[in-house]
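So the structure is just underneath, and the comments pick up after that.
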There are 2 protein chains.
Amino acid sequence: MAFTFQINNSLIFKHDEKLLAKAEANRPQIIKTQHSPVRIVDIVEDPAWLGGWGPAESEKKIDDLSSYGCKRDDTLVLDFGDHMVGTFKIHIDQTGSPMDAPLFLRLKFAEMPEEIKAESGDYDGWLSRSWIQEEFVHLDELPADLELPRRYSFRYVELKVVDTSPKWQAVFSDPVVTTESSADPASFSPLQLEDPELQKIYDVGVKTLADCMQDVFEDGPKRDRRLWLGDLRLQALANYATFDRTDLVKRCLYLFAAMTTEEGKISANVFVKPKNVPDDTFLFEYSLFFISTLYDLHQAHPDLELVKELYPVAKGQMDITLKMIDENGKLITDDDYPVFVDWSNDFNKDTAGQAEVIYCLKQFIALAKLAGEKDINRYGEALKKISLYAKDNLYNSEKKLFVTTGDEYNLGSQVWMVLAHVLSDEENKKIMQSTIKNLFPVKNIATPYMYHHIVEALFEAGLKDEAVRLMKEYWGKMISLGADTFWEAFDPDRPGYSPYGSPIVNSYCHAWSCTPVYLIKKYL
Amino acid sequence: MAFTFQINNSLIFKHDEKLLAKAEANRPQIIKTQHSPVRIVDIVEDPAWLGGWGPAESEKKIDDLSSYGCKRDDTLVLDFGDHMVGTFKIHIDQTGSPMDAPLFLRLKFAEMPEEIKAESGDYDGWLSRSWIQEEFVHLDELPADLELPRRYSFRYVELKVVDTSPKWQAVFSDPVVTTESSADPASFSPLQLEDPELQKIYDVGVKTLADCMQDVFEDGPKRDRRLWLGDLRLQALANYATFDRTDLVKRCLYLFAAMTTEEGKISANVFVKPKNVPDDTFLFEYSLFFISTLYDLHQAHPDLELVKELYPVAKGQMDITLKMIDENGKLITDDDYPVFVDWSNDFNKDTAGQAEVIYCLKQFIALAKLAGEKDINRYGEALKKISLYAKDNLYNSEKKLFVTTGDEYNLGSQVWMVLAHVLSDEENKKIMQSTIKNLFPVKNIATPYMYHHIVEALFEAGLKDEAVRLMKEYWGKMISLGADTFWEAFDPDRPGYSPYGSPIVNSYCHAWSCTPVYLIKKYL
């Protein structure tokens, strides 16, 4: 995720070399696999597809690729048949008179067809133009094997001959993608579901997760390409339900643990290339989710030694949070350490944040017991006080809804209070029923991250049918619009919405959207 | 040179491996030298410069280069102080927050400042866009040493940061050009002239020649980058007057000789990378100039063995030409084998072509004698007949001018008839005096190639002052407009004229313009 920029570049971070060595020791092997395109397509207007552009089988045949001479402004779109994360190479020769000028070639890599149609020159959004997957290459001599050094995330590759000369044409052959992932499809058996719609959602979720599993859990292999802690928490849960690479989760936990600020606070994300560097961005619950991720790992694969080793870092997060609780048990939020919940800033997040503290504090107490924390009562008392504040001051038992600052009843508050199990199961069900009645249909929410928590809250409240319905409406709609992998952002009411002003920098394979694989396995 | 495209790609060419091996054996060593920029400049409006754009010392200092953080759309123009042909590398790092997006960088290489200002996106000329010296590079990780693999021809390098992210800036250091040339400045002593204007013209001519001397005599190191026979003839003459690399001339002659058509005709140009390939373009006198170049080489460095070895190829060209002479001695020109003389097609070239035959036939007869040609009388008789036709049918002794088809008196006819010494020295002087009176000032001629022949004809006719005056007017004007090397095309009446519709594909270092170094040494 990324929506607003924080700049705190004067901060000093620790680098715990011992923990970084463990992160290195848990670096997974990257599995590489070669793929050839399945067909040549034309990108045509098609209202069924996202953005109104879909692929149509071209008159040109992939088996005849090397018979097509391409001159100035000619294009070919190769369709690799599914989402790919990897490197690209192609053999290029020429036909006609001798090559009396360089070949100037543009290559565009697109996860969705509409990206091919978007002109990069028109892009003027606030996110870096450098994310646009477009390369310009001059070749002075042909034949040549063009091997691009960068990794791309795509299904379609557009080859555009910017120019040859009037005397000769470029000829392409042997396009090959070498995909990269640390997820081994051979290592697990996908679920076989009776419901074909759910099966499709599950399969696309598995593909999404696999393509984000690199040498860390990346948030998106096209854009951002880094390890975010909030996303890690969800990826780890989906991972246990599928490929189950514990080493990769451990590696990511070690990376966050090794590089806190001097006061012990964990960054929202870290970079690992060319060296390990924590970002200077901080999100309130992302720091706290270090606790959740450690807790979830121990649930999936008990590892007392690891819990004890990382417990001090987990405790650091909780201690920083508890300093933000006032004498009444209320979380006093801080704009410089914002509660995230969702990209939208159109709803108040104080109550959701309060619930997230409770959610994580419960998990923290479980870890504290395992670690033999002497001061454990302090955390038990804090939990009581913070929960009590929520029940007494934030819950409207008539409406069966939690209020937040400004007398506002919003979805985030309900969802997180239910997930935190602040009230009884019976009460939680009523809350979600009231939520459905008063706050559904979901409006102005564009993140699969938030949709995940809504669906999970419905499951947790025992509203399985409603949970499945919402999952199908949301993730199923992405599939009907052409998704091979699930997206970073999607608002079903505004399918063309991009938080960046252009689909060309959207990420159409984004880890926080892969969670149906976890939800389906856990609840269905 | 290149102005119209011929496509004859069904032709079959010989590849004489023995001659190609000799071409290979004469491949010169490329001398590589490293250069750093001398300053950072801003490209500013300046009517004194070609195209109205000149360089001005920037407030940014080259010694402080690594202190400038560059964000989206920031540019830096490095001035290397003189024309360079070579590769470019630079160290790039970043400052600010961690690098949360790739660096997207555009690099533009410009021989003249106006190229920096021309937008490549606006270019829609008929010449390939691939010649525009502009690269787009994504770097996923910094610091990095960016070493571009291609060779460029330039004095100025514009670094434009297309994007970083709002959180960090790119930082540049250690830009280095490694120049490439087979001309060794240490191998000859430049002339020291009393006239500073001529000295400057001479020096820029030497630089022009040196930068075109690569592993063949290239016509232009920026654009075309190949061996043209008509240009070779002039480069070889300039070479004998300066660096005197006989091996390079021999190499080029062997290349042309090795790859004729099946009937023995020599292409106007050949390519040598990635392998030796003759172009399918033919120009009438370019084929004939194989004779001239061999003749001139023997004059500069007598080599009877070489003359005998290549004589059959030279003879092939003359025999093809003599078939184009009618029974009266008149050259019957052929649109598929055009007489060049100059780019302009606004004047008739029949008489100039007739003169070129005479010019080359005289040289051929000298070679034929050396080679022991048995049939030599046939060529002597042909020379008589063709010369006689010119004197009797084309010369107007009242006007002291040669006419050409369509009752046209043009510059090309006079210049080439004088160079061919068809009439006496006394008559030649009168012809050039009449030319000055009737056909000067030179109009609508944009090639230094044609200007060279005009100046040489003035010298040959004994009109030294007029020759020097024209040389200063033409080549001197390029210098006053900012030339570090002489240009492919220049019409003093229209300084901004480009045969390609944009300066961005003009070649501002072009071998056929280097000839003042030969003219000054020979005639002054």
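Please report the projected area of region A:31-181's Cα convex hull averaged over all directions, in nm².
Dividing the Cα hull surface by four gives the mean projection, 9.5 nm².
Per DSSP H run of n ≥ 4, the term is -39500 (n - 2.57); total these for chain A, divide by its residue number, and report the mean residue ellipticity at 222 nm rounded to 500 deg cm²/dmol.
Estimated from H runs of four or more residues: -11500 deg cm²/dmol.
Give the residues of region B:66-84 whose amide nitrogen is closer than 19 Å to a point set 7 Å from the Cα of A:N9 in the direction of its Cβ.
Hits in region B:66-84 for A:N9 at 19 Å: B:66-76.
Once both labels are modelled 7 Å past Cα along the beta-carbon direction, what's the A:L191-B:F188 spacing in nm?
Taking the two extended label points, one gets 8.2 nm.
Inverting the mean 1/r over all pairs of different Cα atoms, compute the Kirkwood radius of region B:343-414 and quote it in Å.
13.4 Å is the Kirkwood radius here.
What list of ³J(HN,Hα) values in whole Hz, one per residue of region A:144-158 in order, does the Karplus curve 6.51 cos²θ - 1.76 cosθ + 1.60 (θ = phi - 60°) give from phi, with Gly and Pro shown as x?
Result, rounded to whole Hz: 8, 9, 8, 10, 6, x, 8, 9, 10, 10, 5, 10, 10, 10, 9.
Where in region B:348-389 is the amide nitrogen less than 15 Å from a point lying 7 Å along the Cα-to-Cβ axis of B:N328?
Counting backbone N atoms under 15 Å from the label point, the list is B:350-351, B:354, B:385-389.
State the three equivalent ellipsoid semi-axes of region B:170-300, derived from the C-alpha gyration tensor as the square roots of 5 times its eigenvalues, in descending order and whole Å.
They are 28, 21, 12 Å, listed from largest to smallest.
Using DSSP to call loops (not H, G, I, E or B), can you name the GluC sites (Glu not before Pro) in region B:345-431 whose Cβ has at most 15 other Cβ atoms within 10 angstrom?
Here the sparse-neighbourhood loop sites are B:E398.
Roughly how far apart, in whole Å, are the Cα centres of region A:29-53 and region A:250-296?
Using only Cα atoms to place each centre, the spacing works out to 35 Å.
Can you work out the base-10 log of I(q)/I(0) for chain B at q = 0.08 1/Å, using the Debye formula on its C-alpha atoms alone?
The Debye formula, applied to the Cα set alone, gives -0.54.
Based on alpha-carbon centroids, what's the gap between region B:91-107 and region B:171-206 in Å, whole number please?
36
Equivalent-ellipsoid semi-axes (√(5λ), Cα gyration tensor) for region A:484-524, whole Å, largest first?
24, 11, 7
Less than 22 Å apart at the alpha-carbon level, and either on another chain or at least 8 residues along: which lysines does that give for A:K14?
In chain and number order, the partners are A:K22, A:K250, A:K265, A:K273, A:K275, A:K308, A:K315, A:K323, B:K167.
Under a plain spin-label model, where a point goes 7 Å from the Cα along Cα-to-Cβ, how far apart in nm are B:K374 and B:K89?
Between B:K374 and B:K89, the simple spin-label model gives 6.1 nm.
Note down the relative contact order for chain B as a percent, whole number, built from C-alpha pairs under 8 angstrom at least six residues apart.
Relative contact order for chain B comes out at 18 percent.
Under the classification rounded if a/c is under 1.5, otherwise prolate if a/b is larger than b/c and oblate if not, where does region B:92-228 fall, given a ≥ b ≥ c as square roots of the Cα gyration tensor eigenvalues?
prolate
Starting from the Cα gyration tensor of region B:242-368, take the square roots of the eigenvalues, sort them a ≥ b ≥ c, and report rounded, prolate or oblate (rounded when a/c is under 1.5, otherwise prolate if a/b is larger than b/c, else oblate).
In terms of gyration-tensor shape, prolate.
For A:Q34 and B:N393, what is the calculated FRET efficiency with R₀ set at 56 Å and r taken between the beta-carbons, to the nearest 0.05?
Efficiency computed from Cβ-Cβ geometry: 0.15.
What's the angle, to the nearest 10 degrees (0 to 90), between helix A:425-439's Cα axis and the longest principal axis of chain A?
So the helix axis and the longest Cα principal axis differ by about 50 degrees.
What percent of all Cα-Cα pairs in region B:454-524 falls into each 10 Å bin, going from 0 up to the bin containing the maximum distance?
Here the calculated profile for region B:454-524 is 19, 48, 26, 6.
May I ask for the percentage of alpha-carbon pairs in the protein assembly as shown that lie more than 42 Å from each other?
For the protein assembly as shown, the share of Cα pairs beyond 42 Å comes to 51 percent.
Counting partner chain Cβ atoms within 10 Å of every residue's Cβ in B:125-138, what's the average?
Counting other chains' Cβ atoms within 10 Å and averaging over B:125-138 gives 6.
Stretched out fully, how many nm does the piece from B:R27 to B:D407 gain, at 0.36 nm a residue minus the Cα gap?
Net length gain for the segment: 132.0 nm.
How about B:K117: which aspartates and glutamates have a C-alpha closer than 13 Å to its C-alpha, ignoring those fewer than 8 places off in the same chain?
The reachable aspartates and glutamates, counting only those whose Cα sits under 13 Å from B:K117, are B:D42, B:E45, B:D46, B:E134, B:E158.
By count of other Cβ within 10 Å, fewest leading, how are A:K89, A:K32 ordered?
By the 10 Å Cβ count, ascending: A:K32, A:K89.
Since every read-out is calculated from the coordinates, none of them should be taken as a lab result. As the structure is a prediction and not an experimental result, all values here were calculated from the model. Glycine also receives a Cβ, built like all others from the backbone with ideal geometry; neighbour counts cover every protein chain displayed.
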